[in-house]
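Working notes for the structure below.
The values are calculated or read from the model by the stated rules, or taken from the named source; none is laboratory data. Bear in mind the structure is a predicted one, so any value in this text is a computation, not a measurement. All Cβ positions, even for glycine, are placed from backbone atoms using ideal geometry, and neighbour counts span all protein chains on display. Areas reflect the complete protein model, heavy atoms only, side chains present, ligands, DNA and RNA absent. Shrake-Rupley method; radii C 1.70, N 1.55, O 1.52, S 1.80 Å.
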Amino acid sequence: MNAQYPVARPRRLRRTAAMRRMVAGTRLHPAELILPMFVKEGIAEPQPVGSMPGVVQHTRESLRKAAHEAADAGVGGIILFGIPAHKDARGSGADDPDGIVQVALRDLASDLGDALVLMTDTCLDEYTDHGHCGLLTADGEVDNDATLERYASAAVAQAAAGSRMIAPSGMMDGQVGAIRAALDANGFAGIPILAYAAKYASGFYGPFRDAAECAPQFGDRSAYQQDPAGPIGEALREVRLDLAEGADAVMVKPALAYLDILRQVRDTVDVPVAAYQVSGEYAMVEAAAANGWIDRERVIMESLIAIRRAGADMILTYWATEVARGLS
């Protein structure tokens, strides 16, 4: 039987910073953090993202500098998103060997080697003129199966340019299997896939669409991303399907509003689980801090601890370099 007050006093283990640090049940490490980065074709200087203070669309040179800083801080990986100078209906820049992400990957692979994991988002929304994540039918629907061919081609182009982990984010049925088959057939059997397995049609993505210039020109993405009020168990079904198709790790996106889903996934699978602390989460904290309403550093760390505590092995966060420096 457990002791009761006054014999039991839980505060004994909270009295000093050293005591709290010693008994902490949840810890962060820089290697668990992944930094999302945007690189834009055809700009001479980094372009600040108005809705995400501190985040920029990088030039090739500023990207190299920021990636070095992330590596020096001990960040585990970076994930690249590209903004091409020209877009078209099929997202041609996604698999162009001279497309902005492929060029940037070659820069970073040459500079950094294996100092951190170079990852790439594999989707079409940054590259299409309509802003959707796949090819469209004549009726304006996203054509799932035709899109798989484009994802497979993009993944191979990214791997050839130096990506060390492919992260398909479009939520097309069968995307992991199509990419796995293409990678294996083209000599990239050793490249792992981090599947955006449970990605919700969320209102928290707004600032990202400013940064990646990928807002849909019509409609929204609710027909392919998960419904926040969708069936119980849908996320786990998506996760199991991705694992059956060859995913090496899975992701839940967004993070803070879906900690319950993250916990369910962590309790179900035996592969690494990532969570994406998305642009809206970042922007809200920065805006509140700028108004003096919250303690910025404290809230950043509290939010990351919450995501880690819920089960994330890896966290994609725009604060990765800053937090890694603090942890080091």
Residues in region 201-221: is at least one among the aromatic types (Phe, Trp, Tyr), assigned to a loop (DSSP other than H, G, I, E, B) and either within 25 Å of ILE78 (Cβ to Cβ) or at pLDDT 95 or above (or both)?
-> no
Among the residues of region 173-228, write down those that are in contact with a Gly (Cβ under 8 Å, 6 or more places away or on another chain) and among the acidic types (Asp, Glu).
-> ASP210
Flagged in region 181-215 as surrounded by fewer than 23 Cβ atoms within 10 Å (Cβ to Cβ) and basic (Lys, Arg), in numbering order, are ARG209
Verdict on CYS133 being in contact with a Cys (Cβ under 6 Å, 6 or more places away or on another chain), free of Cβ contacts under 8 Å to residues at least 60 places away in the same chain and buried (at least 17 other Cβ atoms within 10 Å of the Cβ) | no
If only one of GLN57, GLN102 is of a type in the set (S, T, N, Q) and open to solvent by less than 10 Å² (accessible area, probe 1.4 Å), which one is it?
-> GLN102
What residue, among those in region 232-242 that are open to solvent by 50 Å² or more (accessible area, probe 1.4 Å) and modelled with pLDDT of 95 or more, is farthest from PRO192 (Cα to Cα)?
-> GLU234
For region 74-92 the number of residues that are in contact with a Leu (Cβ under 9 Å, 6 or more places away or on another chain) and open to solvent by 10 Å² or more (accessible area, probe 1.4 Å) is 4
Checked region 190-214 for anything touching a Phe, Trp or Tyr at 6+ places or on another chain (Cβ under 9 Å) and small (Gly, Ala, Ser); matches are ALA198, ALA201, SER202, ALA211, ALA212
Determine whether ALA109 is surrounded by fewer than 19 Cβ atoms within 10 Å (Cβ to Cβ), more than 20 Å from ILE43 (Cβ to Cβ), aliphatic (A, V, I, L, M) and without any contact (Cβ under 8 Å) to a residue 24 or more places away in the chain.
-> no
Selection from region 1-53 of residues within 29 Å of ALA211 (Cβ to Cβ), open to solvent by 50 Å² or more (accessible area, probe 1.4 Å) and not in a loop (DSSP other than H, G, I, E, B) yields ALA31, GLN47, PRO48
First in region 300-318 and farther than 23 Å from VAL269 by Cα, second anywhere and part of a helix (DSSP H, G or I), Cβ under 6 Å, 6 or more apart | TYR318/TYR282
Any idea how many residues of region 178-205 are touching a residue at least 12 places away in the same chain (Cβ under 8 Å) and touching a helix residue (DSSP H, G or I) at 6+ places or on another chain (Cβ under 8 Å)?
-> 17
Would you mention how many residues in region 311-324 are open to solvent by 10 Å² or more (accessible area, probe 1.4 Å) and either more than 18 Å from HIS68 (Cβ to Cβ) or of a type in the set (Phe, Trp, Tyr) (or both)?
-> 3
Go through region 75-128 residue by residue and tally those that are in a helix (DSSP H, G or I) and among the small types (Gly, Ala, Ser).
-> 6
Can you name the number of the only condition in (1) without any contact (Cβ under 8 Å) to a residue 40 or more places away in the chain; (2) under 23 Å from ALA195 (Cα atoms); (3) among the acidic types (Asp, Glu) that ASP121 fails?
-> (1)
Can you name the condition, by its number, that THR147 falls short on among (1) under 30 Å from ALA324 (Cβ atoms); (2) open to solvent by less than 10 Å² (accessible area, probe 1.4 Å)?
-> (1)
Report yes if ALA160 is touching a residue at least 40 places away in the same chain (Cβ under 8 Å), under 23 Å from MET37 (Cβ atoms), open to solvent by 60 Å² or more (accessible area, probe 1.4 Å) and touching a helix residue (DSSP H, G or I) at 6+ places or on another chain (Cβ under 8 Å), otherwise no.
-> yes
Being of a type in the set (A, V, I, L, M) and touching a Pro at 6+ places or on another chain (Cβ under 8 Å), is that true of even one residue in region 58-76?
-> yes
